[in-house]
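Colleague: Structure below; questions to follow.
The values are calculated or read from the model by the stated rules, or taken from the named source; none is laboratory data. Everything numeric in this text was worked out from a predicted model, so none of it was measured. Cβ atoms come from the backbone with ideal geometry, glycine included; neighbour counts cover every protein chain shown.
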Amino acid sequence: MYIDGNSLIIDSVNMGDYVTQVEYQRSKIWAEDTGRNMKGVMSGTLLGIIVKLKLTFKPTTQAELEILAPVLDKAFQSTTYYDPIAKTNKTITTYTGDWSTLNKNIFTNVARANESFTISVIATTPQRV
């Protein structure tokens with residue numbers, strides 16, 4: 001959850017300066033023993049939760065994109081976010097999905113030439129439940 005200016009930091013870059021929306025996802029990771037029997041009853045072992053943050057960025061300037069791109073293009077990042085279960089900030093190792101930004105103003109000098117874009121930041125290891 002985005003609580004304040006320090007509740008989403010990726011590789012020392014405060015994302016509060018750049019994002020307009022954060023979607024928090026918690027995906028369950030199940031063990032091989034998981035499934036349904038012939039009566040349709042579910043059973044199995046829950047291994048953990050994969051945290052996924054879907055960030056929507058505001059339209060950016062060239063200078064802002066030059067700050068963000070090196071962080072988003074790294075193989076792995078150190079991401080600090082507010083965990084509502086632990087009720088505190090947590091730091092995890094993450095990787096990012098593909099991203100792109102559209103620049104519609106190539107013939108004019110516009111302050112925020114790059115359109116808004118979205119990227120997923122995904123934990124590399126599950127959190128234990």
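Colleague: Quick check: anything in the range 55-76 assigned to a loop (DSSP other than H, G, I, E, B), more than 22 Å from Thr124 (Cα to Cα) and among the aromatic types (Phe, Trp, Tyr)? Can you show your working first?
Modeller: Keep residues of the range 55-76 that are assigned to a loop (DSSP other than H, G, I, E, B), which gives 58-59, 61, 74-76.
Filter again for more than 22 Å from Thr124 (Cα to Cα), leaving 58-59, 61.
From the residues that got through so far, the ones that are among the aromatic types (Phe, Trp, Tyr) too are none.
The answer is no, given that none of the residues of the range 55-76 is assigned to a loop (DSSP other than H, G, I, E, B), more than 22 Å from Thr124 (Cα to Cα) and among the aromatic types (Phe, Trp, Tyr).
Colleague: Right, another one. Within the range 106-129, take every residue that is in a loop (DSSP other than H, G, I, E, B) and modelled with pLDDT of 80 or more and give me the one that is farthest from Asp73 (Cα to Cα). Let's see the steps before the verdict.
Modeller: Here is the first cut: in the range 106-129, the ones in a loop (DSSP other than H, G, I, E, B) are 106-113, 115-116, 124-126, 128-129.
With the extra rule that they be modelled with pLDDT of 80 or more, the set shrinks to 115-116, 124-126, 128.
Numbers: Glu115: 18, Ser116: 17, Thr124: 15, Thr125: 19, Pro126: 22, Arg128: 28 Å.
My answer is Arg128.
Colleague: Which of the residues that make up the range 70-87 are at pLDDT 95 or above and not polar (S, T, N, Q)?
Modeller: Once the filter is applied, which keeps residues that are at pLDDT 95 or above and not polar (S, T, N, Q), the range 70-87 yields Pro70, Val71, Leu72, Asp73, Lys74, Ala75, Phe76.
Colleague: What is the residue count in the range 5-54 for residues that are β-branched (Val, Ile, Thr) and assigned to a loop (DSSP other than H, G, I, E, B)?
Modeller: Kept after step one, since they are β-branched (Val, Ile, Thr), are these residues of the range 5-54: 9-10, 13, 19-20, 22, 29, 34, 41, 45, 49-51.
Still in the running and assigned to a loop (DSSP other than H, G, I, E, B): 34, 41, 45.
Residues in the range 5-54 being β-branched (Val, Ile, Thr) and assigned to a loop (DSSP other than H, G, I, E, B): 3 in total.
Colleague: While we're here: I'm checking my understanding of the structure. Among residues of the range 47-66 that are exposed (fewer than 15 other Cβ atoms within 10 Å of the Cβ) and touching a residue at least 40 places away in the same chain (Cβ under 8 Å), which one is nearest to the chain's Cα centre (by Cα)? Outline the logic, then answer.
Modeller: Going residue by residue through the range 47-66, those that are exposed (fewer than 15 other Cβ atoms within 10 Å of the Cβ) are 56, 61-63, 66.
Remaining after also requiring touching a residue at least 40 places away in the same chain (Cβ under 8 Å): 56, 61-62.
Values: Thr56: 9, Thr61: 21, Gln62: 22 Å.
Residue satisfying both the conditions and the ranking: Thr56.
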